[in-house]
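Okay, so here's the structure we're looking at.
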Amino acid sequence: MTPFLHSSLLLEAGFDHGFGTRSTEPDEYPKNMITLKQVHGERIIVLNREGGRRKEEGGKEGKTFDILCRDVPENPFRFEEGDALITDIPGTAIGIRTADCLPVLIGDSSSGAAAAVHCGWRSLSLGLAGKTAQALLEGTGSRAADLVAALGPSIGRCCYKVGEEIRDRFRETGCCDEAFEDSPRGLFLDLNAAARFQLQSAGLSADAIDVVGGCTSCEGENYWSWRARKDRDRMVNWIRTRGLRIED
């Protein structure tokens with residue numbers, strides 16, 4: 001297994017990035033990478049030169065979500081609680097940590113801005129993948145046609161058995177029933193399908209969404225999994241904005 005998995009779409013758009021694996025060593029990640037303490041909600045952190053706080057309207061049926069604006073932190077590792085990171089500062093590497101949840105990396109081919117999104121079922125039930133894409137577009141003035149996204153390794157539909165109450169949560173926010181599969185073994189959730197639905201609802205074309213890697217639960221030789229093996233290690237999934245490269 002290689003240290004990082006890559007998306008052909010992000011590479012073609014000029015974005016340096018990687019989805020971590022079980023084989024990735026700590027010193028192989030960007031040294032100045034900025035990461036979050038995940039809270040499994042819909043909090044979006046925007047790194048810019050302004051700082052401060054603002055509230056944005058978003059989501060279905062007029063629901064609100066917070067976008068918190070922050071300056072580049074002096075201590076970048078897990079500097080803030082949140083579920084998605086967005087920045088347009090050239091050469092900045094941003095990342096999120098996963099071990100079953102779905103990592104989503106988004107690049108804006110027009111502005112060079114990028115986003116890293118941590119999508120567990122709670123965040124996806126709140127529409128986080130689509131909301132992050134919308135926030136990225138609002139912040140850069142780009143078009144949805146300028147965005148490309150990659151979905152990394154996560155627990156697959158084959159292994160992610162959930163309760164009926166989780167499907168109810170998704171239905172409350174208008175997400176697709178196609179993300180769920182009823183079988184004799186029970187109800188199973190497809191995180192990839194839910195994220196694709198939200199990204200396409202935000203305006204991305206199906207051809208602009210790449211799927212990278214396999215199931216973290218099935219493929220224990222390749223990935224860490226909390227649900228299957230109670231692994232305490234995490235994969236880090238990162239993307240660097242285009243522009244002047246920050247020295248590692």
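The values are calculated or read from the model by the stated rules, or taken from the named source; none is laboratory data. Everything numeric in this text was worked out from a predicted model, so none of it was measured. All Cβ positions, even for glycine, are placed from backbone atoms using ideal geometry, and neighbour counts span all protein chains on display. Keep in mind that these areas ignore ligands, DNA and RNA; they rest on the heavy atoms of the full protein, side chains included. Shrake-Rupley method; radii C 1.70, N 1.55, O 1.52, S 1.80 Å.
Some points to look at:
- Normalised by 2.2 N^0.38 Å, where N counts its residues, the alpha-carbon radius of gyration of region 142-238 equals 1.18.
- Shown for the chain: the carbon plus sulfur share of the solvent-accessible area, taken with all protein chains present and a 1.4 angstrom probe, equals 45%.
- In this structure the amide hydrogen of PHE4, modeled in the peptide plane, comes within under 5 Å of no amide hydrogen from residues 5 or more places off or on another chain.
- With every protein chain in place and a 1.4 angstrom probe, the accessible-area ranking of ASP190, ASP168, largest first, reads ASP168, ASP190.
- The HN-Hα couplings worked out from phi for region 91-103 by the Karplus form 6.51 cos²θ - 1.76 cosθ + 1.60 (θ = phi - 60°) are x, 8, 9, 10, x, 9, 9, 9, 7, 2, 5, 8, x Hz, whole numbers, x standing for Gly and Pro.
- Solvent-accessible surface of protein heavy atoms, probed at 1.4 angstrom with all chains present, puts SER125, SER217 in the order SER217, SER125, largest first.
- The 3J(HN,Hα) values that the Karplus relation (6.51, -1.76, 1.60; θ = phi - 60°) gives for region 81-88 are, in residue order, 7, x, 10, 8, 10, 10, 7, 10 Hz. Gly and Pro appear as x.
- GNM on the chain, alpha-carbon springs under 10 angstrom: the most fluctuating residue among SER109, SER183, SER23 is SER183.
- Region 109-248 - percent relative contact order, Cα under 8 Å, separation 6 or more: 31
- Among ARG229, ARG143, ARG196, the largest mean-square fluctuation in a Gaussian network model of the chain, built with springs joining Cα atoms closer than 10 Å, belongs to ARG229.
- GluC sites (Glu not before Pro) lying in DSSP loop within region 174-234, provided at most 13 other Cβ fall within 10 Å: GLU221
- Accessible surface for region 142-248, divided over its residues, is 48 Å² per residue with a 1.4 Å probe.
- Among LEU137, LEU11, LEU151: highest mean-square fluctuation, GNM of the chain, C-alpha pairs under 10 Å: LEU11
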